[in-house]
Each structure stands twice: as structure tokens, then as C-alpha cells.
Amino acid sequence: MQRIYFNEVVTRDGFQNEPAFVPTDVKVELIDALSNCGYSKIEVTSFTSAKAIPMLRDAEEVMGRIRRIPGVEYTVLVPNVRGAERALESHADEWNLVMSTSEAHNLSNLRMPREKSFSALKEVIELADGHVPINVSLSACFGCPMEGEVSQEEVLRWAERFVDLGVRGLTICDTTGMAHPSQVARMSHALRERFEQLQLTLHFHNTRGMGLANVVAAVDAGIDRFDASLGGLGGCPYAPGASGNITSEDAIHMLDVMGYDTGIDLIRLLPIARSLPDIVGHDVPGQIAKAGLITDLHPIPASVNELLKESA
Ligand code: COA
Ligand code: ZN
């Protein structure tokens, strides 16, 4: 069975767009529960400025209090050198660096031109000095909500520059759900061809309902790593119109029934997904938590049983 790896991003991408602060205890309890479900990675938090992302101002405390399970990598988002120093103190297993392939989105999210971000992230990579594996998440790779089209060549050009600096992985992000399956297939083939040796992850948002179709297109093109968020929470606060990531439990359920090995125990994961509306104080987009698995059958009503007997 072909293995597909999931990185759970609910406590980072998921929570960063939520209006009401989720208490630190609740975050720690949630991550500890997710650690027992079979994820290969959990993006725990982000070492950004507390002013920019107030929800994640407790990053150190969360990293210090979670129970780490062998076999799960605990990754964190790092936007700059200050963030890297904090991540180093917290002994994160991986640093997930972020910049955008769109100039307008980079200015909006990180408050600097792309070239300046690149130099700053180069410094971060030097600080890691080969001791901490580096993943780079490139935002807006399938389109920018302000600039429109971002060409595949532009994405590959930025990817290439980071590969030259020795990164372990690249995450190609559809920050505002603009990707469609044909585009994803083209991008996935190109990535696999150029960067065969890297951990290649795709990161989709379901803003326009194309999220799971994009996962299938990527898997068909040989991609085996995805970011996803429990309940389908998520979105970048600095990208107009951004909304939820693809829903972890929906994507995992889909791949399970298609015959892929996700390594994830859905029976453990579903109750956690069902606890999310209480945690964030509102309904969440995920569907499997509401509908149940395709194997969760309903009892046949007596009247229908009668008809079944008659027609037998
Ligand atoms: N951790 C903690 N504080 C940080 C920090 C970090 N990584 N980076 C900057 N700061 C603080 C500075 O100390 C400064 O604090 P002060 O106002 O009390 O002196 C303040 O933030 C501004 O610092 P500055 O260097 O001028 O940075 P900035 O305002 O241009 O912010 C970012 C740069 C990238 C840190 C900030 O824009 C940010 O965190 N953006 C959010 C990115 C993000 O996570 N987006 C969603 C995910 S894609
Ligand atoms: Zn995202």
C-alpha cells in the first residue's frame, strides 16, 4: 500500500486565523491527543511577533509543555532570525521558514520585499547550521489574491534558490485556495522532476471547494506529503479572503477508502475533531466528523426490512 504522510497544522495555520484566544492548556491537550493518532509531523506553533499573531504568543510555553512522542516530528513556523533563536531554545525538530512567491503577499504578511525575506531566511538557515532540518513554505504558489497569477516558473525559481542553500523540504502552498487540479498536476510533476531528493509537501486551502480534488491530482502525480488542518480551520490573516485548510480527517478518510496508507487512526482522530467546535466556539467546515465514515451504517428500518424480505 502506498504511504501518504500528513503534517497536522491545526494549532498553527488553524488557530492563527481564529478571533478568540485558545488557552495554552487547551492547545497542549489538543497536541498531546493528536500525537497519538499517527501523524508524521505536527506544526505546533509559530515563533512570530505576538503583535502580528496574538493567538500564538504562548509558543514557548506550548513547546515546553507538550509530550513528544518518538516518530512524530514537532515543527514550528519561523519567520525571521528572532524566531529562529526562539525555536532553537524550544528544541523544535524542524524549522518551517516562510516567504511568499508574490511580492504583494510577502509585503502584506512579512512586511518586506521578497528579496529581503530571502536574505533574512538565508541567515536563519546559516543559524541552523545543518543541526536542525529546514523546510521552506512558499506561499501563494498557485495564485495571489492581490496580484493574480503566479507563474510556475516563478515558484520553481524561488524553490531552486532555497534548494541551493541545502534545505531538506519544500512546501508549496495554495494560501487562498486558488489552485485547480490541472494546475496542481503540472506543478507536482515539475517539482518531482526537479527536486526528486527533497521532502515535497503540498498545502491546500479549500476556499473554493477544490481542496480534495487537488490532493487527488497531486497524489496521482507522485506527491506523498500534505499539510492539513483538523476540522478544516485555517487561513493567513494577511491574505484577503483566506479561509480553511483542507480538513485532515476528510482527506485522510478519502485516501483510506481509496486504498492508501495514511498511518493515521481515524477512530482516534474523529472524537478530537468533534471536540473542535467547543474549543473555537463555532461550527467548523469538516464533513466526516458530522457525516461519519462511509462504513458507519445506519440500521435498516423495520418497514424496509419487510420489503427486503418480500423482494428476496
Ligand atoms: N518573535 C517575537 N517578536 C518578534 C519577532 C519574532 N520572531 N520578530 C519581530 N518581533 C517583534 C520585534 O521585537 C518588535 O517588537 P517591539 O515592537 O516590541 O519592538 C516587533 O515585533 C516588530 O519587529 P520588526 O523587526 O519591525 O518586524 P515587523 O513588524 O516587520 O514583523 C514579522 C516581522 C515577520 C515578525 C511579523 O510581520 C510577523 O510575525 N508576521 C506574521 C507572519 C505570519 O506568521 N503569518 C501567517 C503565517 S504564513
Ligand atoms: Zn495555509
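The values are calculated or read from the model by the stated rules, or taken from the named source; none is laboratory data. In this text, all values refer to a predicted model and were calculated from it rather than measured experimentally. Neighbour counts run over all protein chains shown; Cβ positions are idealised from the backbone, glycine included.
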_Against the conditions (1) aliphatic (A, V, I, L, M); (2) away from ligand 2 (no atom under 16 Å from the Cβ); (3) modelled with pLDDT of 95 or more, where does residue 233 fall short? Just the number, please._
(2)
*Please go through the stretch 201-214 and pick out each residue that is in contact with a strand residue (DSSP E or B) (Cβ under 6 Å, 6 or more places away or on another chain) and more than 13 Å from residue 142 (Cβ to Cβ).*
201
*Odd one out for residue 117 among (1) surrounded by fewer than 16 Cβ atoms within 10 Å (Cβ to Cβ); (2) free of Cβ contacts under 8 Å to residues at least 40 places away in the same chain; (3) closer than 24 Å to residue 202 by Cα; (4) not charged (D, E, K, R)*: (1)
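Would you mind listing the helices (runs of 4 or more DSSP H) fully within the stretch 197-312 where at least 3 residues are under 20 Å from the mean Cα position of the chain (by Cα) and within 27 Å of residue 52 (Cβ to Cβ)?
Numbers: elements: 211-220, 248-257, 266-280, 288-291, 302-311.
Counting at least 3 such residues, we get 266-280.
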*asked:* Quick test of your reading of the structure: residue 78 fulfils all but one of (1) closer than 26 Å to residue 285 by Cα; (2) crowded, with 24+ Cβ neighbours inside 10 Å; (3) among the hydrophobic types (A, V, I, L, M, F, W, C). Name the failing condition by number.
replied: (1)
*Just name the residue that is farthest from residue 18 (Cα to Cα) out of those in the stretch 59-79 that are over 20 Å from the mean Cα position of the chain (by Cα) and in a loop (DSSP other than H, G, I, E, B).*
70
_Residue selected from the stretch 81-110 under the condition modelled with pLDDT of 95 or more and within 7 Å of ligand 1 (Cβ to nearest atom), by the criterion nearest to residue 13 (Cα to Cα)_ = 98
_Consider the stretch 9-41. How many of its residues are of a type in the set (Lys, Arg), within 16 Å of ligand 2 (Cβ to nearest atom) and either assigned to a helix (DSSP H, G or I) or surrounded by fewer than 16 Cβ atoms within 10 Å (Cβ to Cβ) (or both)?_
1
